[in-house]
Structure formats: structure tokens, C-alpha cells
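The values are calculated or read from the model by the stated rules, or taken from the named source; none is laboratory data. All figures in this text were calculated on a predicted structure; none of them were measured in a lab. Heads up, the Cβs are rebuilt from the backbone with ideal geometry, glycines too, and the neighbour counts pull from every protein chain shown.
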Amino acid sequence: MRIANCLYDLIGLRGVCTSNAALPLYVNDLPGITNEIFELLTNEDFQTRSDVYNQIQKLAINDTYNAIQGALINKTDGAFRVNNIVSNVNSGEWKQPFNALSAAAYRQGIEIDMRASDNLAAYIDEVYIYAPSAQTITIYVYNLETGETIETFTGTATAAEFVTITASKYYPYRRIFIAYDANTVLSREVTYRSEGHTIGLGGLNFQCDNNVGTRYARIATGTDYIHNNLDYEGVGSGGMIVKYNISCSLENFLCENRERIKDILFYAIGRQMATKILLSDRINKATLISQEKLDGLAAYSENMYQKSIQNFISGSRTADPVCFECRPKVGKRVAMP
């Protein structure tokens, strides 16, 4: 399930969650939806109204993501690329014979540069690293344009051994840096592998089917983790291997248009609410909300949801030579005499 986190709490629930939209909108504005209904929807799995609403939001955001992606594919006659551009790439392999790295006051690893398009995301599957002794290894993921630490995840070595650390996360950022502390983890040298993506210490040449730049890099411990502080020349080997793929993603597109998406999400939540109430055995549909009103909520939400998607897509610009496949500008036909 692909989720655009920026859409959470765009639609609020009065008394529980404040709408963070520029023009606030609340699920309570849907016909028949009250906080009392949310209270009754709580059960042994969802102890609070907030828990129930978060689950509904998650389902509605996923619906919105998939609906907009499908509508974009239809609008562009299938030009939007939903398949991976770079699939299951290992960033390198262990150099033979094994060569131990010395301690260094750096976070070092691999930069993934996806500036060719605002609609690319990296899926980090696994990180492979060597630990010379029993220790906990922390892997850091940085947004190189802001210096933000996006994520940390850990692995454990029980002795001197190669360690596989599972990440299984999408990162829809233009430039990310995946690194470890080279001062505490004395890994082994890696030979860089280049198939499937552009590499080099100089500028990156992005083309229609070659859209990702990856380089081993390091940043001195204690400095900001931004691209201006990256050192490519001195890193030599990154000391770890990253297994990843790159695909076109709507996260950035959705986040940039979150105010325009607000109505779609509002009615997507209405659809989820109608379904949840219909399936609930804790709500008296004769007193709190009648079957007639529930059917009306479902039909109204569905109708407005579809209209909102159409309005959004018709007003959306989709110029992107990477995620909207390159197509010949000039066609040719053979005319028979």
C-alpha cells in the first residue's frame, strides 16, 4: 500500500483531529456523521475515535492514490510509467579478497539522485554491511536537500559477520543519502557496480531511460547532512551494499497539489465511513443513522468522489519526460502506391 503521508489530517474530525488544510474541512460536515458514531465504531482493535479515524484516513488516502494514478494513466493514454525504471539493483559487490576499512569520522554510504523528475521514488529493500564484531549497526537515511533525517533502522551482528538489514521503505525525495557510521562500524571494501544507472564523479546525464544517479559518498560527522557537504573524492568504497529499485511515484505530485486533492479525499472518507457503518453491528441504524440516510451518504460520496477526480485531472499538468514515457515527436507511415 503506497501512502502519501502529507495527506493525513488534511480532513479533520472535530474534537479529535484538527484539519491542517488552508481552508479547513471536517468529516463531520458529511451528512449523518457525528462523533457519537465514531465512539460506537471503537472496538477491541481501535480503542479511541482517533484510532478509528486514522484507519479510515489510511484507506481513503490509498483509494485516492490509486484513483488518481488510474485517471492519469487514462488521461495520458497509458504514458504514465507505473513500472520500475531501475529494478532490484545492488549498488556493488564485496571486493575480493576482502579488504577491511579503517575507522573514519564520517557517515558514509551511497547517494541516490533522482532530480531528473519530481515523480520518482526509491524503494530501499535491503542494506548489506560487514561488522568485525558483535554490535548494533544503525543505518541512516537523509534528505540531502533539507538535511532532515528521514529514517533510521538497525541490524545486529552477533559476531564478526556480514549483516543483512531490511528496510522495505519508499523514499519519494529528489536526493537521498543512505549511510552508516564509519567510525564505529569497520566494514569491508565494495566494488561499485554500474549496470542499470548512471554513475560518475562529475555531472549526471539524465535521459529518457537513464534517470538515476548513484554515487558513493561521505559526510564528516557533526556537519549538516546536505548535498553541499558530500565528499565523493575521498570515500573510495562506500563500505556497504544497497539493494534498491526506482519507480515513478505520485507522492510528490499529490503533496504539491494537496489543497486541490482535499475534496477528493473528503468524499473518499465518506465512502469509507458508509462502508464501515454498514458493516458495523454496534450502530443502531434505526436511531443513529437510518438505512435510507446511509444509502444516501454512500451514493452522495461516490458521486462527488468521481466528479472531484475528474475536475482534478482535467486541471492537472502532466509534463514530465521521465515518468510520462518518451514518445517520438515525429511519426512515419508507409504509403502504398
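Assorted remarks:
- Of everything listed in (1) β-branched (Val, Ile, Thr); (2) closer than 21 Å to Asn5 by Cα; (3) at pLDDT below 90; (4) touching a Phe, Trp or Tyr at 6+ places or on another chain (Cβ under 7 Å), the single unmet condition for Thr76 is (2).
- Checking each residue in segment 111-139 for being of a type in the set (Gly, Ala, Ser), closer than 22 Å to Val185 by Cα and not in a loop (DSSP other than H, G, I, E, B) picks out only Ala131.
- Every listed requirement among (1) in contact (Cβ under 8 Å) with a residue 60 or more places away in the chain; (2) surrounded by 14 or more Cβ atoms within 10 Å (Cβ to Cβ); (3) part of a helix (DSSP H, G or I) is met by Ala21 save one, (3).
- Number of the condition not met by Ala134 [criteria: (1) modelled with pLDDT under 95; (2) of a type in the set (A, V, I, L, M, F, W, C); (3) farther than 18 Å from Val242 by Cα]: (1)
- Odd one out for Asn74 among (1) farther than 30 Å from Ser314 by Cβ; (2) of a type outside the set (Lys, Arg); (3) surrounded by fewer than 16 Cβ atoms within 10 Å (Cβ to Cβ): (1)
- Residue match in segment 69-92 (condition: at negative phi, in a helix (DSSP H, G or I), out of contact with any His (no Cβ under 6 Å at 6 or more places or on another chain) and among the small types (Gly, Ala, Ser)): yes
- Among the residues listed as Ile68, Ile56, Ile110, Ile61, the single one being in contact (Cβ under 8 Å) with a residue 24 or more places away in the chain, within 25 Å of the chain's Cα centre (by Cα) and assigned by TED's automatic domain parsing to the domain that holds Ala179: Ile110
- Residue within segment 33-45 that is modelled with pLDDT of 90 or more and within 24 Å of Leu7 (Cα to Cα) present: no
- Residues being surrounded by fewer than 17 Cβ atoms within 10 Å (Cβ to Cβ) and among the polar types (S, T, N, Q) - total across segment 226-256: 2
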